[in-house]
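What follows is a single structure, written as structure tokens, with notes after it.
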Amino acid sequence: MTKQNVIVSDTGDITKSTINMAITLTLSSKSLFTYAPMPSSPMQKPPSGGFITVSRKKLWEKDDPVKASSTTHIKSPVFFSAVAEDHSSWIFHHPSALKKFDQITNASKGKQIVMFLDYDGTLSPIVDDPDRAFMSDQMRKVVKEVARYFPTAIVSGRCRDKVYSFVKLAGLFYAGSHGMDIKGPAEYQKGNKPVLFQPASEFLPMIDEVYKALVEKTKSTPGAKVENNKFCLSVHFRRVDEKWWSALAEQVRSVLKEYPKLRLTQGRKVLEVRPTIKWDKGKALEFLLESLGFANCNDVLPVYIGDDRTDEDAFKVLRDRGQGFGILVSKIPKDTNASYSLQEPSEVMTFLHRLVEWKRLTPRT
Ligand SMILES: O=P(O)(O)OC[C@H]1O[C@H](O[C@H]2O[C@H](CO)[C@@H](O)[C@H](O)[C@H]2O)[C@H](O)[C@@H](O)[C@@H]1O
């Protein structure tokens, strides 16, 4: 494997000493994720008081409650006060979308809201078994209502068919495989045809081959699970004992060294394998806006809600366009290009309810 084809994250789901470090050391010193700190981000500044430094990595570690509870250093009261301080500073810059609801709806005056919703960790809570990440009936109901009023897309790392089998709603756009498999509802036509876009289709045979190789290679690691997401793959380690994380990373690396056209990224306790093409959730968002007839328009307000690093590509597109808002679903501070935050899927549901209510009560202009 060349050093160029593997890009590695640092993420709060794991510690430096384990899987993350294993890949970083063996493959590349370059960090994968473009979690560029925002110029205004308070996280760039040293915490005031000057007696303790709380790194972003430690804050990311808290993303995982199990990990956090087993990490002895965060029990220090000094740590807690520094975390609290960082948290309130972060919230100041990424306020709750519920608290700033009026600000968001005011910005939509004269504009068409278009909703983009990530699936795992946004519409459904994170669970141990990826095959059981079901969406609640209440969440389905409100997403259906949202889609009645606003063009709506589900954007997921999952295989499109799989995410559809969870959401089970017609009339929406679905962008699976991190946006590499986009399908629109029949009622939205582009050139008299329903929208269908698969920029990585040439990679299908390779992805299938690597899927089989990864299943074979990782079968000795208890708890590891390889998920075929059609144009990309996920190697889950949520149910793998931490002591095997490095070995699992090495297994994945050993398979990928034969495939320089694939890259490795990291999400929430998952290693994600995908083609090196320049396509991501941000590009998918732009493609969808264009398909909806909103390319180069000022009268549109895209709102993207997501919880993971891959959603940052979409947040960044919105920030760069100076259009719409990204909303990060997270309980803890993270470097993000999102403008607002929500703590968890239940808050996402409340936000969507309020949006539907607001739209119902707003007189048509
Ligand atoms: O873009 P997303 O819809 O957020 O997909 C990202 C990954 O989500 C899924 O994995 C995550 O959720 C699982 C279920 O809660 C959890 O067990 C896992 O640890 C998380 O990483 C999905 O299974 C992956 O294929 C996606 O890449």
Rounded to one decimal in nm, the spacing of the 7 Å Cα→Cβ label points at Asn298 and Ser88 is 4.0 nm
Any aspartates and glutamates whose Cα falls less than 16 Å from that of Lys109, other than same-chain ones fewer than 8 residues away, would be Asp299, Glu357
Expected unfolding gain across Ala186-Glu344 under the 0.36 nm per residue rule, minus the alpha-carbon gap, is 53.7 nm
So for R0 = 30 Å, FRET eff. of Lys109-Lys168 from the Cβ-Cβ r, to 0.05, ends up at 0.35
Output for the stretch 212-295: GluC sites (Glu not before Pro) sitting in coil per DSSP, at most 12 other Cβ within 10 Å, listed by number, reads Glu258
Taking Cα pairs closer than 8 Å and at least 6 residues apart, the relative contact order of the stretch 201-275 in percent is 31 percent
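Since every read-out is calculated from the coordinates, none of them should be taken as a lab result. Because the structure is a prediction, the values reported are computed rather than measured. As a convention, Cβ positions derive from the backbone with ideal geometry for all residues, glycine included, and neighbour counts pool all protein chains shown.
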